[in-house]
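Visitor: Okay, here's the structure, questions in a sec.
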Amino acid sequence: MVGVRASKAHRDEGIALVVLMSCSALFVIAIALILGFLAFNGTRLFWGDHYSPLKFLFGTDWDGFGGHYGAATFIAGSLVATGMAIAIGGPLGVAIGVFFSELAPKRVATAFKPAIEVLVGIPSVVYGWLGLTLLVPAIATVFHLPDGDGLLAAGIVLSIMILPTVISLSEDALRVVPNSLREGSAALGATRWETITKVLLPSASSGIAVAVILGVARAIGETLAVQLVLGNAAILPTSLLKPAAALTSEIVMDMGDAPDGSGFKHALFAMAFLLLLISMGLILLIRLALRRRT
Amino acid sequence: MSRSARLAAIALAAAIAPSAAFADTSISAAGSTALQPLVQAAADEYQQKNSDVKISVTGGGSRTGLSLVSSKAVDLGDSDILAPDGTNGLVDHKVAVIGFSVVVNPAAGVKGLSKKQVQDIFTLKVTNWKDVGGKDQQITVINRPASSGTRAVFMKTLMGSIDTLPPTLTEDATGTVVQKVAQTAGAVSYASFSGTHNASGVSELAIDGAAATEDNVMTGKYPFWSYEHIYTNGPPSKDIAKFIAFLQEDTAVFKKTGYIQIRDMKVTENNR
C-alpha cells in the first residue's frame, strides 16, 4: 500500500517537473526569439542599407523618407528627459522611502502606502494627458512661452511616474538593515539624522542603487506620457523649455506607417534595439550592485 | 442518440442555418482610419439591405491597408495615399473626396493666407503673425509625423516644390493637433474637415481667398483636399464591385459622415 502511494507520488512529481520545465523552456525560447528578431532587424540598417553606425548614433539629420537616419536628437532627448526624472524623482523617492521606513508613525505609513501603490497602477496615458492639459499650459504661463511642451514637462511627468518604484524599493532596502545597527548607533550617542545619513543609508546603498536604476529603466522606456508632453520636434535639446524628441516617442509615431523593408523602418528598429541594449546594460548594473551587497 | 438530444440538435441547426446558408459572401476591408467611418457606415447599410453579405471593416493605417490587400489578406485596402509605384496588380477605386483645413489659434488674428504665406510659415521663414497681416504674436508651427497621410496631402497641395520641412512640434493624431492649436497662443497646424469644422477654440483659414468649405472643394477654388482610395487586388469580383458602387452612390451616408462624393466634384486632381 505504501509502495503504491510512493510510486504514484513519484509519477506526479515527474509530470510536474516536465510541465514546469517546458513552461520555462517556452519562456526562454520566447525571449530568445524577441532578442533575435530585434537584433536582426535592428542592425539591418547597417548591413542591409549600408548606413554608417556612427552617423546613426551621432548624426542629427533625420528625414525618414529622404534617407537621413541620424538619431542623435532622439538619443539626446531620451537621455536628458531620463536624467531629469532621476534628478528630481531619485532624491525625492529615497527621502520618502527613509520617511516611511524610519520616521513615519505606523498609522501614517499604513495610510500612505496604499496611495503609493495606486500611483503604480495609473495608466501612463493618464499621466500624459494630465501633463498635456495641466502641466504644459502651466509651464507656458510661468515662463511666458507660447507653448510649454518640452524636456521640462517630460522630466516632471517622468519623475512622478518613477516615484513609486524608487520609494518602495528604497524603503525595502532600509527595512532589511539589521536593527542592531540602529541600536548600536543610538548607543554611541548619534542623533536620528546621523544614524540615517551615516549608518543606514550607507549600509542600504546597494539596494538604493537598485531602486534608482530601476527608476532609470522605467523612465527611458516610457513612451505614451513622454510623447504627449515632449513636443516631438527632432531638434537637439539646447534648452529644457524647448520641444525635443525621444527614441520611444519617435518609434511610436512612425512605426505603423513607415513602409516595410524601407531604410526608414530599419532605422526605427535600430532605435528599438538601442533601447533594448540600454535596458540590458541597466540590468547588468543592477546585478553588479546586488553582487556587491552579498 | 436519445430523442431529446436529436431534437436539440435539430433546433440548433435550425438556429444556425439562416446565417450559414445565406451569408455566402463575405468582404473584408482594412486601412485608412480617415476613410474607415465612411466604409463602416456604408457597410452597415449595405448589410441591412443584403442579408447574404457580411462585411468586416477595420483600421490600421493607409500603408497597412495597402500591404494587406497586396498580400490578399483583405479584399479591400482603404488608403488616403496612392499605392507606391511598383505595387503590382492593385486596382484603384476613388470613392470619396476629403477636405482639410489649415487651422490657427484665434490669437493669430488672421482669417486667411496665401499659399506662399503658408509655405513661408511652415518653412519657418516667417515667425510672427504680424508679418502676414495678423497680430504681434509668435507663430508656433505644429506638424504631423513624416509618415502621416494628412502631412503627405499638405505637402502635395500647399507646399509646392518644397519637399522637406524643418523639425517642429509634432503631434500624431487629428484630435491632439486640434487640442494643441486651441490651447497654444499663435499655433498653426492642419487637419481634416471632420476634425476641424466643429472644433471650438480654433479658426479654419481661407487659402488664397477661398474659405475651407465643401462647396469650395467641389468647385476647385480651395486646393487642400485629397481623394480617398479603395484598392482591390486585381479587378474586383461582382459582389465587391457592387459594394464599391453602392458606397460611391450612397448620398445619405455621405451626408451623415461629412465626406464629398466624387460625382459632386467639378474639378479633378489634375486641375485643382
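The values are calculated or read from the model by the stated rules, or taken from the named source; none is laboratory data. As the structure is a computational prediction, the values presented were derived from the model and not from experiment. Here the Cβ is made from the backbone with ideal geometry for all residues, glycine too, and neighbour counts use every protein chain on show. All accessible areas refer to the heavy atoms of the entire protein, side chains included, with ligands and DNA or RNA removed. Shrake-Rupley method; radii C 1.70, N 1.55, O 1.52, S 1.80 Å.
Visitor: Determine, yes or no, whether A:Leu224 is within 14 Å of chain B (Cβ to nearest Cβ) and either of a type in the set (D, E, K, R) or open to solvent by 50 Å² or more (accessible area, probe 1.4 Å) (or both). Steps first, answer last, please.
Guide: Working: within 14 Å of chain B (Cβ to nearest Cβ): yes; either of a type in the set (D, E, K, R) or open to solvent by 50 Å² or more (accessible area, probe 1.4 Å) (or both): yes.
Yes: the conditions hold for A:Leu224.
Visitor: Still on this structure, I have one more. Can you tell me which residue within the range A:82-127, out of those that are polar (S, T, N, Q) and over 30 Å from A:Ser249 (Cα atoms), is modelled with the lowest pLDDT? So that I can check it myself, show each step before the final result.
Guide: Initial filter on the range A:82-127 (polar (S, T, N, Q)): A:82, A:101, A:110, A:124.
Next cut, over 30 Å from A:Ser249 (Cα atoms) only: A:101, A:110.
Details: A:Ser101: 90, A:Thr110: 85.
If we take residues in the range A:82-127 being polar (S, T, N, Q) and over 30 Å from A:Ser249 (Cα atoms), then A:Thr110 is modelled with the lowest pLDDT.
Visitor: Looking at the range A:24-31, can you tell me whether even one residue there is within 29 Å of A:Val166 (Cβ to Cβ), in contact with a Leu (Cβ under 8 Å, 6 or more places away or on another chain) and of a type outside the set (A, V, I, L, M)?
Guide: no
Condition check ((1) in the same structural domain as B:Ser114 (by TED's automatic domain parsing); (2) among the hydrophobic types (A, V, I, L, M, F, W, C); (3) touching a residue at least 24 places away in the same chain (Cβ under 8 Å)) across all residues:
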{"position": "B:Thr196", "(1), (2), (3)": "yes, no, yes"}
{"position": "B:Leu247", "(1), (2), (3)": "no, yes, yes"}
{"position": "B:Tyr259", "(1), (2), (3)": "no, no, yes"}
{"position": "B:Glu269", "(1), (2), (3)": "no, no, yes"}
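Visitor: OK, next. Under 7 Å between Cβ atoms, at least 6 apart or on separate chains: pull out the pairs that start in the range B:36-63 with a residue that is more than 16 Å from B:Asp75 (Cα to Cα) and more than 14 Å from chain A (Cβ to nearest Cβ) and end on any residue that is crowded, with 21+ Cβ neighbours inside 10 Å and among the hydroxyl-bearing types (Ser, Thr, Tyr).
Guide: Short answer, once both residue conditions are applied: B:Leu38/B:Tyr259.
Visitor: Out of all the residues in the range A:193-207, is one or more in the same structural domain as A:Phe74 (by TED's automatic domain parsing), open to solvent by less than 20 Å² (accessible area, probe 1.4 Å), touching a Phe, Trp or Tyr at 6+ places or on another chain (Cβ under 8 Å) and at pLDDT 90 or above?
Guide: No, the range A:193-207 contains no residue that is in the same structural domain as A:Phe74 (by TED's automatic domain parsing), open to solvent by less than 20 Å² (accessible area, probe 1.4 Å), touching a Phe, Trp or Tyr at 6+ places or on another chain (Cβ under 8 Å) and at pLDDT 90 or above.
Visitor: Only one residue in B:Val177, B:Val188, B:Val181 is closer than 24 Å to A:Trp129 by Cα, out of contact with any Cys (no Cβ under 9 Å at 6 or more places or on another chain) and assigned to a strand (DSSP E or B), so which one is that?
Guide: Result of the check over B:Val177, B:Val188, B:Val181: B:Val188.
Visitor: If a residue has to be at pLDDT 90 or above, part of a helix (DSSP H, G or I) and surrounded by 17 or more Cβ atoms within 10 Å (Cβ to Cβ) to count, how many in the range A:56-81 make the cut?
Guide: Of the residues in that region, 10 qualify.
Yes/no per residue for (1) in contact with a Phe, Trp or Tyr (Cβ under 6 Å, 6 or more places away or on another chain); (2) more than 9 Å from chain B (Cβ to nearest Cβ); (3) open to solvent by 30 Å² or more (accessible area, probe 1.4 Å):
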{"residue": "A:Ala233", "(1), (2), (3)": "no, no, no"}
{"residue": "A:Leu240", "(1), (2), (3)": "no, yes, yes"}
{"residue": "A:Pro243", "(1), (2), (3)": "no, no, yes"}
{"residue": "A:Glu250", "(1), (2), (3)": "yes, no, no"}
{"residue": "A:Met253", "(1), (2), (3)": "no, no, no"}
{"residue": "A:Ala272", "(1), (2), (3)": "no, yes, no"}
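Visitor: For the range B:1-110, which helices (runs of 4 or more DSSP H) that fit wholly inside it have 3 or more residues that are at pLDDT below 85 and closer than 25 Å to B:Met218 by Cα? Walk me through it before giving the result.
Guide: Numbers: elements: B:3-22, B:36-49, B:62-70.
Because the criterion is at least 3 residues that are at pLDDT below 85 and closer than 25 Å to B:Met218 by Cα, no helices (runs of 4 or more DSSP H) in the range B:1-110 meet it.
Visitor: Could you run through the range A:185-239 and say how many residues are under 27 Å from A:Glu171 (Cβ atoms) and part of a loop (DSSP other than H, G, I, E, B)?
Guide: Step one: of the range A:185-239, the residues under 27 Å from A:Glu171 (Cβ atoms) are A:185-222, A:225-226.
After this cut, where a residue has to be part of a loop (DSSP other than H, G, I, E, B) as well, the list is A:188-191, A:204, A:222.
So the answer is 6.
Visitor: Let me ask something else about it. If I filter the range B:191-206 for residues that are of a type in the set (D, E, K, R) and away from chain A (no Cβ under 11 Å), do I get at least one hit?
Guide: Step one: list which residues in the range B:191-206 are of a type in the set (D, E, K, R), which gives B:204.
From what is left, the residues that are away from chain A (no Cβ under 11 Å) are B:204.
Yes, because at least one residue in the range B:191-206 is of a type in the set (D, E, K, R) and away from chain A (no Cβ under 11 Å).
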